[in-house]
Amino acid sequence: MAAMDRIAEPWGSRSPYGSGEAWPVRVDTHLASGIAPGEVDRWVQTASLLHSNGDAMDIAVKDERIVGVRGRAVDRVNHGRLGVKDLYGWQANSSPDRLTRPLIREGGRLVETDWDTAMNRIVERTQQLLAEQGPSAIGFYTTGQLFAEEYYTLGVLAHGGLGTNHVDGNTRLCTATAAAALKESFASDGQPGSYTDVDHADVIALYGHNVAETQSVLWMRMLDRLAGPNPPKILCVDPRPTEVARHATVHLAPLPGTNVALMNGLLHEIIANDWVDHAYVEAHAVGFDELVKMVKDYTPETVAHICDVPAEKIREAASILGHAERLLSTVLQGFYQSNQATAAAVQVNNINIIRGMLGKPGCGILQMNGQPTAENTRECGGDGDLPAFRNWSNEVHVKDLAKVWNVDPMEIPHYSPPTHVMQMMRYAEDGSIRMLWVSGTNPAVSLPELPRVRAILEQERLFVVVQDIFLSETAQLADVVLPAATWGEKTGTFTNVDRTVHLSEKAVEPPGEAKADLDIFIDYARRLGLKDKDGAPLVKWDDAESAFEAWKECSRGRPCDYTGITYEKLRGGSGVQWPCNDENPDGTERLYEGGKFFSTPEYCESYGRDLVTGAPVEPTEYKALNPTGKAILKAAEYVPPHEIPSEGFPFILITGRTLYHFHTRTKTGRAPQLQAAAPDVWVEISEGDAAVVGISEGDLLEVTSPRGSVKAKARITDIRKGVVFLPFHYGYWDTEGGYEPEDAGRAANELTITDWDACSKQPIFKTAAARVEKVSAADGPSPAPTTTASRPAGPAAASISPTRGNQSAEADEEFAQQSAGGTL
């Protein structure tokens with residue numbers, strides 16, 4: 001066993017392996033200072049909460065406190081490894097500023113109260129609005145960090161009990177396009193691929209996916225393949241010099257907002273060179289002729305002009321894709337939060353389909369998620385979907401769901417798609433939505449165009465309920481604040497990107513009077529007296545396991561079938577991939593083996609949309625297009641972004657994440673090692689642009705868009721020319737001084753535009769126009785990490801101290817020779 005500073009070495013030591021071999025086990029452990037492994041009272045099973053990879057781990061408990069974590073060697077996802085947010089983020093649970101009692105607004109101030117008073121106030125306002133306006137007055141906006149049992153309960157009470165169509169999650173910001181792209185290509189959500197495809201692939205293509213920072217354990221798996229025999233080729237599409245780009249065989253850095261043009265160019269080359277599996281396409285896909293026509297004019301030279309990428313690099317990338325024998329494609333925010341998000345992500349699917357690269361080891365697609373339980377939000381009806389991938393446009397599906405819930409089908413709103421969060425904010429702004437219940441998310445920092453968002457949330461006519469573990473920027477604007485339990489303080493299941501279901505057991509009691517989100521939702525439903533059509537309680541479960549059993553029954557026969565999974569099956573061993581049922585009792589490693597899809601008109605989750613306009617495809621159109629349930633090749637023309645650079649705003653602003661923080665830092669900012677590694681906002685600019693503007697490393701800059709401005713220190717990097725980057729994590733909460741409203745000018749979303757993708761309704765965070773001006777000279781380097789895509793470049797780089805942790809950042813690594821078990 002060896003100790004390592006995992007802030008300085010975030011991906012740890014290498015354990016090389018070759019194609020088709022089992023990924024070696026490496027168990028990572030981090031305990032609080034002074035605690036030895038033998039002093040731990042008990043280890044409690046869970047998985048990660050601060051990213052979407054689903055790393056399995058055990059929580060160390062001593063004297064009824066969480067004192068550390070270790071990776072689970074037997075789990076199929078991580079084989080014992082943990083990322084930096086896993087290793088240190090648990091410390092936020094015991095932060096002294098946890099919410100411990102309910103709060104209500106009195107005389108303009110939030111004051112402590114008891115649960116009955118807080119819940120009665122919510123119930124009274126609910127009943128008043130139902131009487132005055134009906135269900136359309138009430139909206140729910142949740143997170144991607146609760147458990148499946150909690151999302152399902154929320155979906156039942158909101159859709160089946162209240163009858164509101166206004167239900168969405170902050171998964172709209174990170175993973176809505178993943179779902180939309182899968183629905184367009186396969187008529188259903190559900191990731192085709194498996195993490196084990198990394199073990200077999202000879203080409204791994206990452207499109208707008210900074211896996212090194214967003215799913216760092218998955219990147220460890222890729223690094224170990226790269227270090228072993230027969231390493232895969234890496235294609236990276238990203239305007240920033242990420243660690244993925246630094247390891248890439250080919251790195252394409254297109255102008256943000258031009259992804260569809262680039263993808264059409266790659267498809268043009270693959271088709272023009274006949275790198276197409278025609279037998280697979282003929283047997284298992286529709287739409288090939290239309291795709292050929294669309295991409296015909298997207299020659300490498302044409303695309304090079306649009307994307308500002310050399311034509312020869314486009315040809316080289318296409319050749320790698322076209323000659324791959326086992327192709328794994330992954331996609332994330334660089335596509336999802338940019339112009340034409342769904343259209344671009346669908347073109348990635350198109351490449352795998354026309355190459356016949358689905359349902360086989362090393363051949364897969366992972367339209368990645370950004371949050372640990374984003375998949376559950378979509379599956380369970382906690383966002384803009386009906387539970388278990390039912391089709392809201394299919395009356396038979398609605399009737400089936402009504403049967404499961406024992407309600408009248410007309411009580412389930414399905415007259416239009418469920419309302420996405422940006423439209424909910426518009427309704428709240430207009431006064432149509434008059435109560436908004438926010439659980440586990442912080443829209444006052446994470447939504448675009450923050451001045452507008454804050455003004456909406458501050459309206460006196462809008463009754464805001466916030467359910468959270470800290471008094472976040474959003475909670476400070478609420479009328480009622482409910483203290484919630486978090487990971488390690490409650491029990492439930494959560495599902496990661498490759499459909500692996502994990503059980504998270506309760507390890508310790510929540511602080512004070514905080515309650516599990518499940519208990520809060522059940523209490524609300526019962527206080528409202530929500531009933532089924534026979535007069536029995538609509539929500540018939542009272543704890544996590546009984547809620548899971550109810551969810552399983554709802555999933556029966558649907559693509560995400562959980563009926564073969566039990567809490568007992570999840571205890572002690574590895575997570576299990578859905579569908580898991582009588583037919584697949586051990587789970588299912590890959591979807592769509594042998595060209596069998598969920599896309600028949602009677603079964604599919606969605607009939608699709610027009611990729612440019614977002615207009616829904618009518619059922620009759622879909623039946624005519626795809627009567628036998630094949631994969632759908634959908635073409636899209638390139639359309640320029642709505643906001644482009646100009647003389648007054650010459651740069652393209654993109655936002656994103658850094659390795660050491662998650663979302664708005666409500667947890668990671670309270671973990672000392674993570675906060676010290678990235679303590680404040682910065683702005684990345686290229687060497688060439690910095691020279692033109694007269695900027696040096698560490699200069700204080702003002703970045704301005706047509707909507708606002710942010711001040712941040714400059715980090716000069718190898719980012720592509722014409723682009724500036726801001727991390728979006730920083731609001732007006734400061735670890736030194738608490739919540740300081742004057743610090744709002746460091747939130748990247750002060751600058752972003754109110755605009756969203758036509759199909760997925762995901763906000764566009766990566767194509768705003770901006771200008772950059774120097775405010776004052778540097779008094780030191782920027783606070784950006786040196787270990788990530790923010791690595792400094794230029795003359796000053798050598799003088800910048802590398803990012804390091806102190807002694808408290810040391811974690812142990814223990815290598816093992818045996819197989820990790822599970823499906824390899």
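Just so it is clear, none of the values below were taken in a lab; they were calculated from the coordinates. Everything quoted here is computed from the prediction, not taken from an experiment. For neighbour counting, all protein chains shown are included, and Cβ atoms are generated from backbone atoms with ideal geometry for every residue, glycine included.
Run through the range 255-323 and list the trypsin sites (Lys or Arg not before Pro) located in a DSSP loop whose Cβ has at most 13 other Cβ atoms within 10 Å.
Sites meeting the loop and neighbour criteria: K296.
How big is the charge dipole of the range 514-607 about its Cα centre, in debye rounded to the nearest 20, if each Lys and Arg gets +1 on its Cβ and each Asp and Glu gets -1 on its Cβ?
For the range 514-607, the charge dipole is close to 260 debye.
Packing-wise, with mean Cβ within 10 Å as the measure, how do 199-206, 222-229 rank, highest first?
Descending packing order for the listed peptides: 199-206, 222-229.
Can you give the charge dipole size of the range 651-793 about its Cα centre, rounded to the nearest 20 debye, using +1 on the beta carbon of Lys and Arg and -1 on the beta carbon of Asp and Glu?
480
Taking the range 1-68, which trypsin sites (Lys or Arg not before Pro) meet the DSSP loop condition and have no more than 15 other C-beta atoms within 10 Å?
R14
With +1 on each Lys and Arg Cβ and -1 on each Asp and Glu Cβ, how big is the dipole of the chain about its Cα centre, in debye rounded to the nearest 20?
In debye, rounded to 20, the chain gives about 480.
Sort 786-799, 718-731 for me by packing, meaning the mean count of neighbouring Cβ atoms within 10 Å per residue, highest on top.
With the highest mean Cβ count within 10 Å placed first, the list reads 718-731, 786-799.
Can you put V453, V331 in order, fewest other beta carbons within 10 Å first?
Lowest count first: V453, V331.
Along the charge dipole of the range 651-793, Cβ charges K/R +1 and D/E -1, which of T704, G780, V724 sits furthest on the positive end?
Most positive-ward Cα: V724.
Rounded to the nearest 0.05, what FRET efficiency do Q128 and T566 have when you use their Cβ-Cβ distance and R0 = 45 Å?
0.60
Find the relative contact order for the range 651-793 and round it to a whole percent, using C-alpha pairs within less than 8 Å whose residues are 6+ positions apart.
For the range 651-793, the relative contact order is 35 percent.
Given a cut-off of under 8 Å on Cα pairs at least six residues apart, what relative contact order in percent is computed for the chain?
About 21 percent, as a whole number.
Mind checking the range 613-664 for GluC sites (Glu not before Pro) that DSSP puts in a loop (not H, G, I, E or B) and that have at most 13 other Cβ atoms within 10 Å?
Within the range 613-664, the qualifying GluC sites (Glu not before Pro) (loop, at most 13 other Cβ atoms within 10 Å) are E647.
Considering the dipole of the chain built from charges on the beta carbon (Lys and Arg +1, Asp and Glu -1) around the Cα centre, which of N53, P254, S574 is farthest to its positive end?
Checked the options; the winner is P254.
Along the positive direction of the dipole of the chain (beta-carbon charges: Lys, Arg +1; Asp, Glu -1; about the Cα centre), which of L82, T588, M222 reaches farthest?
With unit charges placed on the Cβ atoms, the residue in question is M222.
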